[in-house]
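Colleague: I have a structure I would like to understand better, so I am pasting it below and will then ask my questions one at a time.
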Amino acid sequence: MTPEQKGILERFEKGIDSMREALAGAPEELLDKAPAPEKWSIRQIVVHVADDDVVAAMRLRQIAAEPGALLIGFDQDRWAKELHYSEQSAELAMAMFALLRQSTAAMLRRLPESAWSHRGNHEERGLTTLEAFVAHMANHAEIHAAQIRKIRERFANQPSP
Ligand code: NI
């Protein structure tokens, strides 16, 4: 692994802490707060982050083991609606997210450096390297952790009715 790949992998794993910290001490009723009616609540964001890592766990294994593999897209808004994200357990989603990320990070750590330049072929976004995809997933958890912190700040000063 190059120092840069090592840094990306560390950031990927730290996504677990970023999400945990963003959710720390959040009461259950706060999880269902959304910044606007058409926007996702904290609970929906947490389940989305976990489900996106379900897909990423598969894709990262495909790219590592089968370079050139076709990566199938999914409609995140349909998943949120059809899979009832608003009723799912945020705790269970976080546990799954943490376990998937730990296991995927352990798998990635054992790969030869050459595997990091393997490419997957995303049906909508085209070719992506393993390295770029791990970086993308590291960003994904960070972006959504920041989004959760922002929603919490917004509701922190509002007394409950
Ligand atoms: Ni997302």
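Colleague: Within the stretch 23-45, which residues are out of contact with any His (no Cβ under 8 Å at 6 or more places or on another chain) and either within 16 Å of residue 98 (Cβ to Cβ) or of a type in the set (Phe, Trp, Tyr) (or both)?
Modeller: 23, 24
Colleague: Out of (1) of a type outside the set (Lys, Arg); (2) buried (at least 16 other Cβ atoms within 10 Å of the Cβ); (3) within 20 Å of residue 4 (Cα to Cα); (4) within 15 Å of the ligand (Cβ to nearest atom), what's the single condition that is false for residue 151?
Modeller: (3) is the only condition that residue 151 fails.
Colleague: Which one is nearest to the ligand (Cβ to nearest atom), of the residues in the stretch 63-81 that are over 15 Å from residue 93 (Cα atoms) and assigned to a helix (DSSP H, G or I)?
Modeller: 76
Colleague: Which one of these is of a type outside the set (Ser, Thr, Tyr) and surrounded by fewer than 18 Cβ atoms within 10 Å (Cβ to Cβ): 74, 12?
Modeller: Result of the check over 74, 12: 74.
Colleague: Starting from residues that are more than 11 Å from the ligand (Cβ to nearest atom) and of a type outside the set (A, V, I, L, M), keep the ones in the stretch 37-62 and report whichever is nearest to residue 105 (Cα to Cα).
Modeller: If we take residues in the stretch 37-62 being more than 11 Å from the ligand (Cβ to nearest atom) and of a type outside the set (A, V, I, L, M), then 61 is nearest to residue 105 (Cα to Cα).
Colleague: Out of all the residues in the stretch 122-148, which are at pLDDT 95 or above, away from the ligand (no atom under 14 Å from the Cβ) and among the charged types (D, E, K, R)?
Modeller: Result: 131, single match.
Colleague: For residue 29, all conditions in the list (1) within 23 Å of residue 155 (Cβ to Cβ); (2) touching a residue at least 60 places away in the same chain (Cβ under 8 Å); (3) surrounded by 14 or more Cβ atoms within 10 Å (Cβ to Cβ) hold save one; what is the number of the exception?
Modeller: Condition (3) is where residue 29 drops out.
The values are calculated or read from the model by the stated rules, or taken from the named source; none is laboratory data. Keep in mind it's a predicted model, so treat the numbers as computed, not measured. Glycine gets a Cβ as well: all are built from the backbone with ideal geometry, and neighbour counts include every protein chain shown.
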